[in-house]
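One structure below.
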Amino acid sequence: MKALHNILDKVRPHFEKGGRFQKLYRTFEAFETFLFVKGDVTTRGSHIRDAMDMKRTMFHVIIALTPVLLFGMWNVGLQHYRAMGEEAAFLDQFLFGLIKVLPLVVVSYASGLIVEFIFATIRDHEVNEGFLVSGMLIPLIIPVTTPLWMVAVATVFAVIIGKEVFGGTGMNILNPALLARAFLFFAYPAYLSGEENPAGNFVWTQASVDQAVDTYSGATPLAEAATATTLGDVSASQMLESMPSALEMFLGTIPGSVGETSTLLILLGALILVATGVGSLRIMLSVVAGGLFTGIIFNLFAVNVFMEMPVYYHLIMGGFAFGTVYMATDPVSASQTGTGKYIYGFLIGVVTLLIRVVNPAFPEGMMLAILFMNVFAPLIDHYVVEANIKRRMKRLKAVEQTA
Amino acid sequence: MPGFTTKILKMSKEIHIKRGLNIPLKGEAEKILQTPPRSAFYAVKPPDFHGLFPKMLVNEGDRVKAGTPLFYDKYNEEVVFTSPVSGTYKELVRGAKRRILEVRIEADPEDDYIDFGAATPGSLSREEVVQKLLKSGLWPAIRQRPYSVVANHKDIPRDIFISAFKSTPLAPDMDFVVNGQESAFQAGLDVLAKLTGGDIHLGVHSENTLSKAFLEAKNVVLHRFKGPHPAGNIGIQIHHIKPINKGDVVWYLEVQDVITIGRLFEKGIYDASRVVVLNGSEVVNPRYYRVVNGVNISALTNENIHTEDGLNPRFISGDVLSGEKIPADGFLGYYDSQITVIPEGDKPELLGWLIPKLDKFSVSRTFFSFMMPWKKYRLNTNIRSGERPFVITGIYEKVLPMDIMPMQLIKSIMINDIDMMEKLGIYEVAPEDFALPEFVCPSKIEMQTIVREGLDTIKKEFE
């Protein structure tokens, strides 16, 4: 430890003012503080501080994401070999996925961190840890077939327009990772929706459509449900038959974005986030409540087959679970007040189902619902804060009247 | 039986503070009271009184008695600050911009007191009581909310609040401190009763407060509190007893200052003796000491600090959350009953944010401390990270048991939005109320400093 710190001490002058690499000071500092918690002591206020810091907070989200990342890699391989109609060992499936997913992760981190480091240098502040999570989220919420350059463009767009123009981590209104996805979704819709992308590949499965076996549709359950609804001549039970079983959807062996498919492992991630206190259980439960509530209303009316679908299907299909656990809970873009979190979460659930079932244009609603509620979160908070202010005013008035 | 019934009536219902945090520190003091050898130097420190501009009344080398005025407040000339001991005014310690930091007195072996005249408070008018407190230099013991500064003697406070227990980390046991001073404490309460048209509210701990000085105090309304820190903080107690609205002025005092005021009226002198606790993980023999206010702490800490493992000690006058950092040969702060010594955290730590060492304490459950509620910690002063913007929400409310939105209030102060600060309740808070939010903040935002800036802004705006 001492030797390592001595090396840092030796090279530090080059990065400090007047040094050869003074422009790279913030970069140096980011690596230094990654390696060492500095010997900086409190000078004002509380003399002791909680051991928790931003690095550790973000690190725990990464831990909670690791199970879905690993599963996602395996599932990419699984879907590939299924599409090709080939048998493959577990390890082969995983390695195939690893080779496909890892570049997405690397590109996402590299492009985003470069922007972060540049802005930290221009603004002369420490590099914030927020992107450590965004950089991991982005590859998990896009199809594995997304071209790498698109990932880079979307990430750079999200970090600059979504975050840095507002002042960086902590100041953003929208969830940066979702903004990256939304950017891709609207800029390159052919690569982010439907079944076949312009490169002749499936959208959700790393396999060429021409080479795949005929029985493999490559469609996500949500797409199947949407198709069945628009066709209009299938019964609800026929629709459910065309979809993977509920167990498959829960376990996650279905086509979809890299990290979104396994509800089981997302629940494990939720457990980690809630147990460590990093993720807001309040938001998670509210989103689920909002989804179930709307689903039950749909069931009651049941005008089409999609509305007849059992409510719990919504929770295990598409990005609902992933969005609930990892995206809606982003503390910066979510509602920041206790009461606000209930309203914010509930409405995400409601809007997601509305988009899925009522809006024919988009099969999945989670991304847009969260972004939509990100925009409304400050408004919700405004009213919660107003309520607090009103209580204080009322108290004052009560005193004045008795006086 | 009538005594019993009035006691029951006086006991208002228990106020249970549910949100908060007890930080389990090592180095709790034994209940042993010692008298250390008399210190050669004592000091009055103007920075203890926020917003004070001191004007000196004595010249270097002047002889002073206990009670001789040393300086006064430039903006409030009647408020004088007197010497706690008799001796020779030796030197002035100045800081940046020639700000006066310490007024040092070289003490005589024995104290010689100025006679302010004993009196029963009942026989004096309110104005006479105020004048006596001003002249003796005891007025600064009375502070006010809003702003958490020395009270303005021209105000008539709505109520006066006293907390008879402390909940801060390693806080002194006030039952032990008040022991033997019961009559002076009651005399002090009788004096204060003259000053307000409202009530004197005395906050006691519903289980831990046992001293009759508190439980059977007269001229007060008793309130029983229980729950974790900050249940003992005066700001929290005021909020739950009778919150401060815009335009209200309430006063508050420390128990030992009430005792000092009591002695002024009983004996006619400024007897600045008090009990302080010396504790913290770095203290060899943590215990209680009877000293005179403004004492040089080296009288207590000499050869009483662990040096074996080479960690630098940090000396704090007050508690670890809101106390003042002082040098090893520094002086006890005016309002303090505690000196805490903890290790400095000035050593870099390899991957310190990652490795969940057992010696770390956190309210988050990302370290093991939540699994070991019985464990006591030797926490150091390392700040752990550079400052970040607000990211995590919902954790500050958990340690601030007031109907106040901490993050929103802090943000309104950061952007200097006076209207919003008022609306969000800045009149009710003081820096110390934000000590726990500051402690838990993963973004390491200096909230106590920010609250102080906000209070200064508001005060300036309405002066």
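Backbone geometry of segment A:197-213 corresponds, through the Karplus equation with coefficients 6.51, -1.76 and 1.60 at θ = phi - 60°, to 3J(HN,Hα) couplings of 9, x, 7, x, 9, 4, 6, 9, 10, 6, 7, 6, 5, 5, 8, 6, 6 Hz, x marking Gly and Pro. A dipole drawn for the protein assembly as shown from +1 and -1 charges on Cβ atoms has a positive end, and of B:313, B:298, B:343 the residue lying farthest that way is B:298.
Just check segment B:8-71 against the gyration tensor rule for me: Cα atoms, a ≥ b ≥ c as the square roots of the eigenvalues, rounded for a/c under 1.5, and otherwise prolate or oblate depending on whether a/b exceeds b/c. Since a/c reaches 1.5 and a/b is larger than b/c, the shape of segment B:8-71 is classed as prolate. Averaging 1/r across all pairs of distinct Cα atoms in chain B and inverting the result yields a Kirkwood radius of 23.0 Å.
In this structure, the amide hydrogen of residue B:269, modeled 1.01 Å from its nitrogen in the peptide plane, lies closer than 5 angstrom to those of B:116, counting only residues at least 5 positions away or on a different chain. Please say if segment B:131-186 is rounded, prolate or oblate, where rounded means a/c under 1.5 for a ≥ b ≥ c the square roots of the C-alpha gyration tensor eigenvalues, and otherwise the choice is prolate for a/b larger than b/c and oblate otherwise? Taking the square roots of the gyration eigenvalues as a ≥ b ≥ c, segment B:131-186 is oblate. Only Cα sites of the protein assembly as shown enter the Debye sum here, all with the same form factor; the resulting log10 I(q)/I(0) across q = 0.07, 0.08, 0.10, 0.11 1/Å is -0.65, -0.80, -1.09, -1.23, listed in q order. Dividing the summed helix terms, -39500 (n - 2.57) for each DSSP H run of n ≥ 4, by the number of residues in chain A produces a 222 nm estimate of -20000 deg cm²/dmol to the nearest 500.
Taking the mean number of other Cβ atoms within 10 Å as a proxy for protection, how do you rank A:319-332, B:191-204 from highest to lowest?
Packing order, densest peptide first, comes out as A:319-332, B:191-204.
Calculated mean residue ellipticity, 222 nm, chain B: -6000 deg cm²/dmol, from DSSP H runs (n ≥ 4) at -39500 (n - 2.57) each, averaged per residue and rounded to 500. Each of A:31, B:161 was scored by other Cβ atoms within 10 Å of its Cβ. Arranged with the fewest first, they read A:31, B:161. Measuring against 21 Å, Cα to Cα, the residue pairs B:26/B:360; A:10/B:347; A:394/B:166; B:411/B:460 contain A:394/B:166 as the ones spanning a longer distance. Taking the square roots of five times each eigenvalue of the Cα gyration tensor of segment A:167-279, the equivalent ellipsoid has semi-axes of 29, 21, 15 Å, listed largest first.
Between amide H atoms placed 1.01 Å from N, distances below 5 Å from residue B:149 occur with B:144, all of them 5 or more places distant or on a separate chain. Rg/Rh, computed from the Cα trace of segment A:243-348 with Rh as the Kirkwood radius, has the value 0.99. For a straight C-alpha distance cut-off of 19 angstrom, the aspartates and glutamates reachable from residue B:154 (same-chain residues fewer than eight places away being disregarded) are B:73, B:77, B:78, B:127, B:128, B:199, B:248, B:463. Go through A:80, A:93, A:24 and say which Cα lies farthest out towards the positive end of the charge dipole of segment A:16-128; charges sit on Cβ, +1 for Lys and Arg, -1 for Asp and Glu. Checked the options; the winner is A:24.
In this structure, the pairs whose alpha-carbon distance is over 23 Å, taken from B:18/B:212; B:97/B:135; A:341/A:390; A:38/B:375; B:65/B:218, are B:18/B:212; B:97/B:135; A:38/B:375; B:65/B:218. Rounded to the nearest 20, the size of the Cβ-charge dipole of the protein assembly as shown about its Cα centre is 1500 debye, with Lys and Arg at +1 and Asp and Glu at -1.
Shape of chain A from the C-alpha gyration tensor: oblate (a/c of 1.5 or more and a/b not above b/c, with a ≥ b ≥ c the square roots of its eigenvalues). Amide H contacts of residue B:161: B:201, B:251, B:252, B:253, each under 5 Å away and 5 or more positions distant or on a separate chain (H built 1.01 Å from N in the peptide plane; Pro and chain starts excluded).
Computed about its Cα centre, the charge dipole of segment B:397-461 is approximately 160 debye, with only Lys, Arg, Asp and Glu carrying charge at their Cβ. Other protein chain C-beta atoms within 10 Å of residue C-beta, averaged over B:342-352: 6.
The magnitude of the dipole of segment A:265-398, with charges of +1 and -1 set on the Cβ of Lys/Arg and Asp/Glu and taken from the Cα centre, is near 860 debye. For segment A:303-403, the list of trypsin sites (Lys or Arg not before Pro) that fall in a loop by DSSP and count at most 13 other C-beta atoms within 10 angstrom is empty. If you wrap the Cα atoms of segment B:199-304 in a convex hull and average its projected area over all directions, you get 9.3 nm².
A short reminder: the numbers here are calculations on the coordinates, not readings from a lab. Fair warning: this is a prediction, and the values are worked out from it, not measured in the lab. Methodologically, a virtual Cβ is constructed for each residue, glycine included, from the backbone with ideal geometry; neighbour enumeration extends over all protein chains shown.
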